[in-house]
Number of protein chains: 2
Amino acid sequence: MGVAGRAVPHLLHRHRANASGGAAIVTDTLTRSIVDTALNVEFGDLPEPSQQMVRFALLDLLACTVAGADDECARVITDWVRDLGGSPHSAILGTPVRAPAAFAALANATAAHALDFDDVSLRMIHPSATLVPALLAVAEREHRTGAELLAAYAAGFEVQARICATINPEHYARGWHTTGTVGVLGTAAGVGRLLGLDADRMTHAIGIAAASAKGIRKNFGTMVKPLHAGHSAMHGVEAAELALRGFTADPEIFDGRNGYLDVFTTPERGDAMRAAFAPGAPMELVVSGIGIKRYACCGALHPALDAMERLTADPRVRPDNVVRIEARMNDLAPSILVHHDATTGLEGKFSLEFSLAVYLLHGRAGLSQYTDEVAADPELIRLMHLVDFVVDESLPVNLAYFASVVTVELADGERRTERVDVQRGYPELPLSLDELTEKVRDCCSPRLAAAAIDRLIGTMSSVEPVPDVAEITRLLSVGAR
Amino acid sequence: MGVAGRAVPHLLHRHRANASGGAAIVTDTLTRSIVDTALNVEFGDLPEPSQQMVRFALLDLLACTVAGADDECARVITDWVRDLGGSPHSAILGTPVRAPAAFAALANATAAHALDFDDVSLRMIHPSATLVPALLAVAEREHRTGAELLAAYAAGFEVQARICATINPEHYARGWHTTGTVGVLGTAAGVGRLLGLDADRMTHAIGIAAASAKGIRKNFGTMVKPLHAGHSAMHGVEAAELALRGFTADPEIFDGRNGYLDVFTTPERGDAMRAAFAPGAPMELVVSGIGIKRYACCGALHPALDAMERLTADPRVRPDNVVRIEARMNDLAPSILVHHDATTGLEGKFSLEFSLAVYLLHGRAGLSQYTDEVAADPELIRLMHLVDFVVDESLPVNLAYFASVVTVELADGERRTERVDVQRGYPELPLSLDELTEKVRDCCSPRLAAAAIDRLIGTMSSVEPVPDVAEITRLLSVGAR
């Protein structure tokens, strides 16, 4: 044969031993530093305000889940899960249905995010909507303690928030929904912690979870957005449970070609991520924290509503005495708050006019304000027409804070103005227990008796002493099986 | 206030009506053209050779699934699914376990792809490993006919193969595993067809499925690669079932910002995709087709093995009479066929030396050749050392075909050479029924009685007349429950 040939040097390419071959896992990788963080975070090392923030986040998320259980998207998922059947290990909150842990996590996380009333991270992820349902379902089945639940939450939070801090805002700007693309990694880490995975199995759990990282923003505004949270919870449970059973993945999913960084961000982000997961790196629970929503609407409306709360503290600021409301917001606000003539509760959630008017009329902006009945109230419609939405280019533009300046003009010509840059409930301005319990009652009262809500609040105000997480879910199950 | 202000024009931003608001779905979108293809493909419109190719693909996939059920990754998934419990609607093939359709699909698709012995599309996806398990599980539960199964297969195949044809090889080169990122869309389309979804619900099914498009190549070579197929099957069933129950998604998931094209390819690909899904566009089942593997090893080895098959047809070419084997392959081959001194069956699957030696010794290269016991045979090891692996830069380089030139030198100095450019089993050179049944027996005999295998082959040789798909799965269930 006349062609040029060359012999292949034997062992030219050293092959990575197949997973089932039991090769040792390399320990100086980015993947392993993420695993080390997941295994070594201690809830007790957090300063007390951060510990309290986590306890509040848990209570808040449970309340959002109970409220969300009534939403159509959660009802379809719960019915589907009920029809699948299976081992009744874990409760679907606010319902009488029980399901295998992975599917209780799916239903509860979908409900938790259904109303978009659940907490947010300033790193651009809904942190608790994936974590809490997954951890709760597994902790209930395994009869873990409240202290173990908190430790697992902290571990899962740090994994997902540090990844988000590294890859956003670019990752989000490319069209990805972090609650799906990153949340599943945090959930796998948290559940893995709860199940006591060792470092090698935790490494596989992270690799398995990366196979389920997904979710695109085009589905925002549909039932699929909460389903992203549901899937992250379900697949996080799955990943940790499969790893426990010996299922294996690539042990370097954050390292090298064709891995997580390649498809979801850029390999260059690896350096920043390594720093974020280095030993002694700052805790995101301390530096960015958790934002809890007081109002049942788009987060961009919260500073304006806080301003309205301050204004209406004056008894003269009342519906029959206000002749004009001017609200100044940044340049980004109009692309989000698009419903100027909201005619439904859902549109009201993205309406500055509706929200300010409803607060003036009802003295609050909770779940029972954002309804179609309220939207049809002629008095509300009259007040909405008093609102002038003004873009003020001097106000700062970012996705976490929507500084707002609200002015009310009274019948006698007097004008009062309040400016709010950071909403209450965000890490800088944590809620009081009273404020949180008001939201919890608002969320839970349609499904739970007042005494049960009181017991829930009492239990969750100090989670550590709970000897068995099943006590928590028992409080939140409704009706006979 | 001294800042510049401007009023927000009311209705500046027309808001897309929320999915639950029941807005009409726009029908001139790319998304809708994909839906129309899914709904309108007719199996009977295919030319007979393509119809036969599909029937063979179904039989082949069932056999691969039964064989794969013994693999560790499939066993872990089946045990997990069994422990979840639930409605025993659908069989997990090769086992006595029954499960809800979505989870039978998960287990069967993982098994189907476990050995990498399942079929391939020249558009760079494993087409049947996701489709067949999902369709089978739902068709069994719903007691659909063989003809309906074939129609659903054709619909799902066209959706995923046309998307792959449009976005590859770039999509794959970016690190995505198409069996996960595209397979779930084909599966949702196929199951949706089986469930009789109308156009609007099929649109939502595609939108829901897009939320589960995922899977990264870093996990190749681990248990997670088959799990990608498993997830695509499971989430395809889920998407169609949820859409049937009224769950809704963005109806334009392939159109506009932050959608499927933005995250997985580029918006510019939309034009090519529109052409691929236009009315009257070519059927991928006809133009690219399905490649079926005859040998239980990496596809890159198949042309060389076909050459060895031809050489050993001469009775003088036998182990005690061959003194040297030279195999010339393209420049890409050494990066794939990395195990020159394979010492296990698994390494043998990526070893030119092992594969040619084992064919010479056993007269075949099926599942029972790629074992650790065979790899330890001193005679095999002696023959492996006769193989010279030579890179021939004159041979064409592409991912579908690995043209190979194999020369054997006999003890008397005589040399025989065969060159193979396209392997048997690929669309250009379809298998005979005898060749396929040999593979089916090889795959099924460890778990099924010979009579059951015969009945399976008889049933699948002509699928249309099957009145109830449950008859097929009954043949493949093993042992009492």
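The values are calculated or read from the model by the stated rules, or taken from the named source; none is laboratory data. Just so it is clear, the structure is predicted and the values come from calculations on it, not from any experiment. Cβ placement follows ideal geometry from the backbone for every residue including glycine, while neighbour counts extend to all protein chains displayed.
Restricting to the stretch A:434-474, name every residue that is within 23 Å of A:A151 (Cβ to Cβ), touching a residue at least 24 places away in the same chain (Cβ under 8 Å) and surrounded by 15 or more Cβ atoms within 10 Å (Cβ to Cβ).
Hits for the stretch A:434-474 are A:L436, A:L456, A:I457, A:M460, A:V463, A:E464, A:V466, A:D468, A:V469, A:A470, A:I472, A:T473.
Every residue in the stretch A:319-341 that is more than 9 Å from chain B (Cβ to nearest Cβ), modelled with pLDDT under 95 and more than 19 Å from A:L399 (Cβ to Cβ), please.
Of everything in the stretch A:319-341, nothing turns out to be more than 9 Å from chain B (Cβ to nearest Cβ), modelled with pLDDT under 95 and more than 19 Å from A:L399 (Cβ to Cβ).
Search the stretch B:368-381 for residues that are farther than 16 Å from B:D70 by Cα and touching a residue at least 60 places away in the same chain (Cβ under 8 Å) and pair each with any residue that is among the acidic types (D, E) and surrounded by 12 or more Cβ atoms within 10 Å (Cβ to Cβ) when their beta-carbon atoms are under 9 Å apart and the residues are at least 6 apart or on different chains.
Matching pairs, first to second residue: none at all.
Checking B:R419 against (1) within 28 Å of B:A63 (Cβ to Cβ); (2) within 14 Å of chain A (Cβ to nearest Cβ); (3) outside any loop (DSSP other than H, G, I, E, B): exactly one of these is not met. Which one?
Failed condition: (1).
Could you please tell me which pairs satisfy a Cβ distance under 9 Å, a separation of 6+ or placement on different chains, a first residue in the stretch B:160-176 that is farther than 22 Å from A:T265 by Cβ and away from chain A (no Cβ under 13 Å), and a second residue that is assigned to a helix (DSSP H, G or I) and aromatic (F, W, Y)?
Short answer, once both residue conditions are applied: B:I163/B:Y260; B:C164/B:Y172.
Looking only at the stretch A:291-309, count every residue that is assigned to a helix (DSSP H, G or I) and of a type in the set (K, R) and tell me the total.
0
Please go through the stretch A:247-286 and pick out each residue that is on the phi < 0 side of the Ramachandran plot, facing another protein chain (nearest Cβ under 8 Å) and small (G, A, S).
Answer for the stretch A:247-286, where residues must be on the phi < 0 side of the Ramachandran plot, facing another protein chain (nearest Cβ under 8 Å) and small (G, A, S): A:A249, A:G259.
Quick one: which of A:A199, A:A173, A:A189 is crowded, with 24+ Cβ neighbours inside 10 Å and hydrophobic (A, V, I, L, M, F, W, C)?
Checking each option against the conditions leaves just A:A189.
Could you check the stretch B:29-116 for helices (runs of 4 or more DSSP H) lying wholly inside it with 3 or more residues that are within 13 Å of chain A (Cβ to nearest Cβ)? Write out each step before concluding.
Values: elements: B:30-40, B:48-68, B:72-84, B:101-114.
Result: B:72-84, B:101-114.
Quick check on A:T407: is it buried (at least 16 other Cβ atoms within 10 Å of the Cβ) and more than 28 Å from A:T371 (Cα to Cα)?
So A:T407 fails the test.
Can you pull out every residue in the stretch A:81-96 that is under 23 Å from the mean Cα position of the chain (by Cα) and either over 19 Å from B:S90 (Cβ atoms) or surrounded by fewer than 24 Cβ atoms within 10 Å (Cβ to Cβ) (or both)?
Answer for the stretch A:81-96, where residues must be under 23 Å from the mean Cα position of the chain (by Cα) and either over 19 Å from B:S90 (Cβ atoms) or surrounded by fewer than 24 Cβ atoms within 10 Å (Cβ to Cβ) (or both): A:S90, A:A91, A:I92, A:L93, A:G94, A:T95.
What tally of residues in the stretch B:214-246 results from selecting those that are at the interface with chain A (Cβ under 7 Å from one of its Cβ atoms), surrounded by fewer than 24 Cβ atoms within 10 Å (Cβ to Cβ), on the phi < 0 side of the Ramachandran plot and not in a helix (DSSP H, G or I)?
1
Say whether the condition of being touching a residue at least 40 places away in the same chain (Cβ under 8 Å) and in the same structural domain as B:G215 (by TED's automatic domain parsing) is met by at least one residue in the stretch B:80-88.
yes
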